[in-house]
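Engineer: Structure provided below as structure tokens; questions to follow.
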Amino acid sequence: GAGVSQSPSNKVTEKGKDVELRCDPISGHTALYWYRQSLGQGLEFLIYFQGNSAPDKSGLPSDRFSAERTGGSVSTLTIQRTQQEDSAVYLCASSLKGGAFNYGYTFGSGTRLTVV
Amino acid sequence: AQSVTQLDSHVSVSEGTPVLLRCNYSSSYSPSLFWYVQHPNKGLQLLLKYTSAATLVKGINGFEAEFKKSETSFHLTKPSAHMSDAAEYFCVGDGSGNTGKLIFGQGTTLQVKP
């Protein structure tokens, strides 16, 4: 596609429920990243996929968070047993090649998650 | 860059006056640095990037930034603010040099008054 597409754009869920957030990167981009932007905070790295390599999960805040990337394209971020502190905007970004900063990053518009 | 600090959480300027958004970084290696802008309910948009080429980097919409190693700074400037520049601005560094893991500053909200 022309840009990074994220769905849903908004999600309200009850505490304790599981949610899935989807990211469709730019076609041909091998690197995909998830970040979280909490109210009043900067962006926090969550996870990074590069091609067929094992993902860098070092930013995931707890074992309730997981992500997968199928076929090197679409990625799903799953949050199990959601808590109120999970409320944030979840941003996805893709890049032509991870670690090659000259290529730049394209961000999606994000999914605003509200846990009530 | 291992850390990025934006010195002002909020900057207010009048339309037509210069803009200065301050950013300092900390890095044990030659960093790559970026400025991104986020308009309300919009995605992050790259304004400009520094990747060890020219120290004065020109970006979109008349913005530019100068990499100053001696001051560990990467301040964003624009000669004349427009109302459409009102947004949140993030100074960003490469977290670990080779993985694409970005380190974001806390953001600066730019207000432009008529």
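The values are calculated or read from the model by the stated rules, or taken from the named source; none is laboratory data. Only a predicted model underlies this, so the values are computations on that prediction, with no experimental measurement involved. Reconstructed Cβ throughout: ideal geometry from the backbone, glycine too, with neighbour counts over all protein chains shown. The area values use the complete protein model at the heavy-atom level, side chains included, leaving out ligands, DNA and RNA. Shrake-Rupley method; radii C 1.70, N 1.55, O 1.52, S 1.80 Å.
Engineer: Cβ-Cβ under 6 Å, sequence separation 6+ or interchain: first residue in the stretch A:46-61 and within 12 Å of another protein chain (Cβ to nearest Cβ) and within 18 Å of A:VAL74 (Cβ to Cβ), partner surrounded by 12 or more Cβ atoms within 10 Å (Cβ to Cβ) and acidic (Asp, Glu). Which pairs?
Structural biologist: Within 6 Å, the pairs are A:TYR48/A:ASP56.
Engineer: Tell me whether the stretch B:100-113 contains one or more residues that are of a type in the set (S, T, N, Q) and without any contact (Cβ under 8 Å) to a residue 40 or more places away in the chain.
Structural biologist: Taking every residue of the stretch B:100-113 in turn, none turns out to be of a type in the set (S, T, N, Q) and without any contact (Cβ under 8 Å) to a residue 40 or more places away in the chain.
Engineer: A follow-up question, please. With the requirement that a residue be out of contact with any Phe, Trp or Tyr (no Cβ under 9 Å at 6 or more places or on another chain) and either among the basic types (Lys, Arg) or at pLDDT below 95 (or both), what does the stretch B:99-113 give you?
Structural biologist: B:LYS113
Engineer: Go through (1) touching a Leu at 6+ places or on another chain (Cβ under 7 Å); (2) on the phi > 0 side of the Ramachandran plot; (3) not hydroxyl-bearing (Ser, Thr, Tyr) for B:ILE60 and report which single condition fails.
Structural biologist: Against the list (1) touching a Leu at 6+ places or on another chain (Cβ under 7 Å); (2) on the phi > 0 side of the Ramachandran plot; (3) not hydroxyl-bearing (Ser, Thr, Tyr), B:ILE60 comes up short only on (2).
Engineer: Turning to a different aspect of this structure: Determine whether B:ASP85 is under 24 Å from A:GLY108 (Cβ atoms) and touching a residue at least 40 places away in the same chain (Cβ under 8 Å).
Structural biologist: Criteria met by B:ASP85.
Engineer: Scan the stretch A:72-89 and give yes if some residue there is open to solvent by 20 Å² or more (accessible area, probe 1.4 Å), facing chain B (nearest Cβ under 9 Å) and assigned to a strand (DSSP E or B), otherwise no.
Structural biologist: no
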